[in-house]
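Undergrad: Below is a structure I'd like to ask you about.
What follows draws every value from the coordinates through simple rules; no lab data is involved. Owing to the predicted nature of the structure, the values given are computational and were not obtained by experimental measurement. As a convention, Cβ positions derive from the backbone with ideal geometry for all residues, glycine included, and neighbour counts pool all protein chains shown.
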Amino acid sequence: MEFLTFLRRDLDAFEACLRSDLTTPIEHCGDWTLYDLADHLGNGNLWSAVAITEKHGKHKGAPAPRDPAELRRWFNETSETLLTALETDPSTEAWTFYPPRTVAFWRRRRALETAVHRWDAEHATGAPSPLDPALAADGVSEAINDMFPRQVRLSRATAPDQAIRLVATDMPQTWTLGPGTPVATLHGPAPTLFLMLWKRVSPQTEAIEWEGDQKAALKVLDRPITP
């Protein structure tokens, strides 16, 4: 997976959104505005770079500039800082919040984080461009295999007592969320399944086809699978 290629593209696309009104609300991020989202993503860039270069997760950045031109310049600088840190050998040791404890973790994590928030920004300011199916499928894997177990460990979510199966219609991949035999199967494009797990689209969108016990499956999905 060429995570750095996806990351560079989505960082540039996000920065382009910062020419819009910075007070624009971000629908799926509580009471955040576009400015708040830029602050979050830019400081996340710096935090991740420090995790690589200094091998700790204690970095606390200053708030992003409020002036639009300065904000765009600052965001681009955070992007370059992150990309420079990521251009080292992916097997290099780094601080991470779950395995692998290497730069490879951050290549994947920042590519997926940026993809979600690029979609958020474009959704708020116009029409979001498509997510790459291969990247989105990897994002589904991360959400189910890495993010959700961490949410449970941190007591941010409860583990389900039933399972559902997700089937990508544009990639040769399937996933199971929860224990036992799945009570329902959801078929949909990988980008739609990815956005569904991140609570950006409804499980009942027309792009997803259902088999089985939809009511029970919705209970499985009605929990914070991702942060």
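Undergrad: Straight distance only, please: which aspartates and glutamates reach the Cα of LYS219 with their own Cα at less than 14 Å, same-chain residues fewer than 8 apart left out?
TA: Output for LYS219: ASP161.
Undergrad: Quick check: pseudo-label points 7 Å beyond the Cα along Cα→Cβ at ASP222 and ARG156, how many nm apart are they?
TA: The answer from the label model is 2.1 nm.
Undergrad: For the stretch 36-96, state which trypsin sites (Lys or Arg not before Pro) are in a DSSP loop and have at most 12 other beta carbons lying within 10 Å of their beta carbon.
TA: Qualifying residues, ordered by number: LYS58, LYS60, ARG66.
Undergrad: Below 18 Å, Cα to Cα, which lysines can LYS215 reach? Residues fewer than 8 away in the same chain don't count.
TA: The reachable lysines, counting only those whose Cα sits under 18 Å from LYS215, are LYS199.
Undergrad: Still on this model: Given 5 Å bins starting at zero, what is the percent of C-alpha pairs of the stretch 3-129 in each, up to the one with the largest pair distance?
TA: Result, from short to long distances: 2, 12, 22, 23, 19, 12, 7, 2, 0 percent.
Undergrad: Still on this structure: Please list the non-local residues whose amide H lies under 5 Å from the amide H of GLN173, H modeled 1.01 Å from N, same-chain partners needing a gap of 5 or more.
TA: ALA168
Undergrad: Just the Kirkwood number for the stretch 155-196, please: inverse of mean 1/r across all distinct Cα pairs, in Å, one decimal.
TA: Result for the stretch 155-196, one decimal place: 11.0 Å.
Undergrad: Output wanted: per-residue J couplings in Hz (rounded whole) for the stretch 177-184, from phi through Karplus 6.51 cos²θ - 1.76 cosθ + 1.60, θ = phi - 60°, x for Gly and Pro.
TA: With the stated coefficients, the stretch 177-184 comes to 10, x, x, x, 6, x, 7, 7 Hz.
Undergrad: While we're here: Treat each spin label as a single point 7 Å out from the Cα along the C-beta direction, and report the GLU206 to ALA127 distance in nm.
TA: If labels sit at GLU206 and ALA127, their model points lie 1.5 nm apart.
Undergrad: Moving to a separate point now. Ranked highest first by the average count of other Cβ atoms within 10 Å around their residues, in what order do 39-49, 158-168 fall?
TA: 39-49, 158-168
Undergrad: So what is the relative contact order of the stretch 134-221, in percent, for Cα pairs below 8 Å that sit 6 or more residues apart?
TA: 29
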